[in-house]
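Engineer: Submitted below is the structure of interest, expressed as structure tokens.
Values quoted throughout were computed directly from the atomic coordinates according to the rules given, and no laboratory measurement underlies them. Model, not experiment: these values are computed from the prediction. Quick reminder, even Gly has a Cβ in these numbers, built from the backbone with ideal geometry, and neighbours come from all protein chains shown.
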Amino acid sequence: MTKIAIIIGSTRPGRNGEAVARWVFEHAAQREGVQYELVDLKDWALPHLDEALPAGMGQYANDHTKAWAAKVDEFDGYIFVTPEYNHSTSGVLKNAIDYVGAEWNNKAAGFVSYGVFGGARAVENLRLVLSTLQVATVTAQVGLSLAHDFENWALKATPQQEAALTPLFDQVESWSAALETVRAAQSEDAAEDAA
């Protein structure tokens, strides 16, 4: 069964990210044939990147890195719930992405963002970062405006925003399943090279 993480990309006290991610998860949990899981970066306590070797080498020294790598590797795809801070994503999300390498490769990702302009600039930043990690990002996305989709800082998503989740889920699920064949072929190649 295809397994997709909904990653909460903010750890800031008073964050909106948890409420947004739970809203996404409530809708995702109604989908059939796919398993969604909330992954809260607040639960991982990753320090600023403290690995001596680049993530692309896959030689992780620290236990927190190995645990995070195993978690990232569990999934076929991701939905990143990201705030927009200073025209980009949060530092904690970028740090978590940078920690590991191959565990992200040949998987799909979608985005639910929030901010003054719906978090659009954070998503554009993430698309660039994830492309380097061979993550296929889907076109459908949900951008929540702090002015229109929140009331007194509480999420009040419109029916249009709820409807926008369906194509996001459809694309992430189908791309995640399709890329499984790419990952399987690479595993076979690696096994042959090791033999």
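Engineer: For Pro54, state whether it is out of contact with any Pro (no Cβ under 6 Å at 6 or more places or on another chain) and either within 20 Å of Gln134 (Cα to Cα) or β-branched (Val, Ile, Thr) (or both).
Structural biologist: Judged against the criteria, Pro54 is a match.
Engineer: Looking at (1) touching a helix residue (DSSP H, G or I) at 6+ places or on another chain (Cβ under 6 Å); (2) buried (at least 24 other Cβ atoms within 10 Å of the Cβ); (3) of a type in the set (A, V, I, L, M, F, W, C), which one does Ala122 not meet, given that it meets all the others?
Structural biologist: Of (1) touching a helix residue (DSSP H, G or I) at 6+ places or on another chain (Cβ under 6 Å); (2) buried (at least 24 other Cβ atoms within 10 Å of the Cβ); (3) of a type in the set (A, V, I, L, M, F, W, C), only one is false for Ala122: (1).
Engineer: Let me ask something additional. Restricting to the range 141-165, name every residue that is without any contact (Cβ under 8 Å) to a residue 12 or more places away in the chain and not basic (Lys, Arg).
Structural biologist: His148, Glu151, Asn152, Thr158, Pro159, Gln160, Ala163 - these are the residues of the range 141-165 that are without any contact (Cβ under 8 Å) to a residue 12 or more places away in the chain and not basic (Lys, Arg).
Engineer: Of all residues in the range 88-114, count the ones that are farther than 18 Å from Leu168 by Cβ and assigned to a loop (DSSP other than H, G, I, E, B).
Structural biologist: The number of residues fulfilling the criteria is 5.
Engineer: Out of (1) among the polar types (S, T, N, Q); (2) free of Cβ contacts under 8 Å to residues at least 24 places away in the same chain; (3) within 26 Å of Asn62 (Cβ to Cβ), what's the single condition that is false for Ser88?
Structural biologist: (2)
Engineer: List, please: which pairs have Cβ atoms under 7 Å, are six or more places apart or on different chains, and start with a residue in the range 35-46 that is touching a residue at least 24 places away in the same chain (Cβ under 8 Å) and buried (at least 18 other Cβ atoms within 10 Å of the Cβ) and end with one that is hydroxyl-bearing (Ser, Thr, Tyr) and not in a loop (DSSP other than H, G, I, E, B)?
Structural biologist: Leu46/Tyr99
Engineer: Here are the criteria: (1) among the small types (Gly, Ala, Ser); (2) within 11 Å of the chain's Cα centre (by Cα); (3) outside any strand (DSSP E or B). Tell me which single one Ala19 does not satisfy.
Structural biologist: All conditions are met except number (2).
Engineer: Somewhere in the range 115-123, is a residue part of a strand (DSSP E or B), closer than 15 Å to Ser176 by Cα and touching a residue at least 12 places away in the same chain (Cβ under 8 Å)?
Structural biologist: Checking the range 115-123: not a single residue is part of a strand (DSSP E or B), closer than 15 Å to Ser176 by Cα and touching a residue at least 12 places away in the same chain (Cβ under 8 Å).
Engineer: Quick one: would you say Ala55 is small (Gly, Ala, Ser) and within 20 Å of Gly91 (Cα to Cα)?
Structural biologist: yes
Engineer: Conditions first: (1) surrounded by 15 or more Cβ atoms within 10 Å (Cβ to Cβ); (2) over 24 Å from Phe169 (Cα atoms); (3) of a type outside the set (Phe, Trp, Tyr). Pro13 passes all but one, so which condition is the exception?
Structural biologist: Among (1) surrounded by 15 or more Cβ atoms within 10 Å (Cβ to Cβ); (2) over 24 Å from Phe169 (Cα atoms); (3) of a type outside the set (Phe, Trp, Tyr), the lone unmet condition for Pro13 is (1).
Engineer: Could you tell me which numbered condition Ala29 fails, if it satisfies all but one of (1) surrounded by 14 or more Cβ atoms within 10 Å (Cβ to Cβ); (2) free of Cβ contacts under 8 Å to residues at least 24 places away in the same chain; (3) over 16 Å from the mean Cα position of the chain (by Cα)?
Structural biologist: Ala29 satisfies all of (1) surrounded by 14 or more Cβ atoms within 10 Å (Cβ to Cβ); (2) free of Cβ contacts under 8 Å to residues at least 24 places away in the same chain; (3) over 16 Å from the mean Cα position of the chain (by Cα) except (1).
Engineer: Restricting the range 137-177 to residues that are part of a strand (DSSP E or B) and crowded, with 19+ Cβ neighbours inside 10 Å, which is farthest from the chain's Cα centre (by Cα)?
Structural biologist: Per the criteria, the residue is Leu144.
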